[in-house]
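**Student:** Before we start, here is the structure in question, set down as C-alpha cells.
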Amino acid sequence: MTTNIYIDGFNLYYGRLRKNPDLKWLDPVSLCAKLVPAGQPIKRVRYFTARIKPRPDDPGGPQRQDAYLRALGTLPQVSVHYGRFQQTTTRMRPAQPPPGGPNTVEVVKTEEKGTDVHIASHMLLDAFRKDCDLMVLVSNDSDLCEPLRMVKEELGVDIGILNPFDKPSHWLSRLQPAFMKPIREGVVRASQLPDPVPLGDGKEVSRPKEWA
C-alpha cells in the first residue's frame, strides 16, 4: 500500500506556519509520515507553490523561500511544482470606511495562481496511472472537492486529508475520506529539517535567521 502526498504550500503556510516562524523549516516527508496510517509508505510528495516577490515590508521574503526550496530539493521523495505569484495594485472598498473618507482605497493585491489546477491535474494523472493506493491532500481548500471525488469514486483510489487549519472544510469532510486529520503545532515542531541541510559538494543551506 503506497501513498502519494499533494501539498498546497500556501494553504499549509497560512493555516499552520505563518504565525510561527520557527516552524517554517518544515520537513514535509517527516510530517506526513507521522500522520498517514501506519504501514503505508510514502512514495512521493508533490509540493505546490509559487515564487513570491519582495514586498516593501519584507524585501527578504524571496531569499528565505529560495533557501527553503533548495532544502526541499535534497529530499528524494519531493518534487516541487510551480504556479504563478501575481501582485497588482487595485482599488477596493474598506471594511470600515472613515466618516467623510473615500469610498475606496488603493491596495496591493497578491494572488497565487495555478495551484488548484496543478494539484487536480497531478492527482488525476497519478490516479489514471495507478501510481499509488492512497492519495493524501494537505490543504483545507474546498475547490479541490471535485477532483478528489473523481479520484475516489471514478478511479477507485482511496483519499485522505491533512488539514492545516483549525476548522476543517465542511465540503471536504462530505467526501468521507479514509481519514481527515488536523495538522497540529506539536507534530510540525517535531518534523523540522536539520540545520544546516547538506546540498552536496561541500555546500549547505541554513535555516533563515528570521525562522530561528
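**Student:** Would you list which aspartates and glutamates come within 13 Å of LYS152, measuring only between C-alpha atoms, while excluding same-chain residues fewer than 8 positions from it?
**Tutor:** Correct list for LYS152: ASP126, ASP133.
**Student:** Pick from PRO99, PRO54, PRO182 the residue whose mean-square fluctuation is largest in a GNM of the chain, springs joining Cα atoms under 10 Å.
**Tutor:** PRO99
**Student:** Oh, and also: What's the lysine pair count for the stretch 1-119 at a Cα cut-off below 25 Å, pairs eight or more apart or interchain?
**Tutor:** Counting lysine pairs in the stretch 1-119 gives 12.
**Student:** Per residue of the stretch 133-138, what does 6.51 cos²θ - 1.76 cosθ + 1.60 with θ = phi - 60° give for ³J(HN,Hα)? Whole Hz please, x for Gly and Pro, Karplus curve as stated.
**Tutor:** Those phi angles translate into 9, 9, 10, 10, 9, 9 Hz.
**Student:** I would also like to ask the following. Within a Cβ distance under 13 Å of SER191, other residues only, what is the Lys/Arg minus Asp/Glu net charge?
**Tutor:** Residues near SER191 contribute +2 overall.
**Student:** Let me ask you something else. How many times 2.2 N^0.38 Å is the alpha carbon radius of gyration of the chain?
**Tutor:** Ratio of Cα Rg to 2.2 N^0.38 Å: 1.11.
**Student:** If I take every Cα pair under 8 Å that is 6 or more residues apart in the stretch 1-155, average their sequence separation and divide by the length, what percent do I get for the relative contact order? If you can, show how the numbers build up before the last one.
**Tutor:** Details: 206 pairs, mean separation 47.0, N = 155.
Over the stretch 1-155, the number comes to 30 percent.
**Student:** Further question: Given 0.36 nm per residue, what is the gain on full extension from LYS53 to PHE165 after removing their alpha carbon distance, in nm?
**Tutor:** Values: separation 112, 0.36 × 112 = 40.32 nm, distance 2.46 nm.
Extending this stretch completely gives an extra 37.9 nm.
**Student:** Taking the Cα centroid of the stretch 119-192 and of the stretch 28-107, what is the distance between the two, rounded to the nearest whole Å?
**Tutor:** Taking the Cα centre of each part, the stretch 119-192 and the stretch 28-107 sit 18 Å apart.
**Student:** Arrange the following residues from fewest to most other Cβ atoms within 10 Å of their Cβ: THR49, THR89.
**Tutor:** THR89, THR49
Readers should treat all values here as calculations from the given coordinates under stated rules, not as data from a laboratory. Computed from a predicted model, the values in this text were never measured in an experiment. Glycine also receives a Cβ, built like all others from the backbone with ideal geometry; neighbour counts cover every protein chain displayed.
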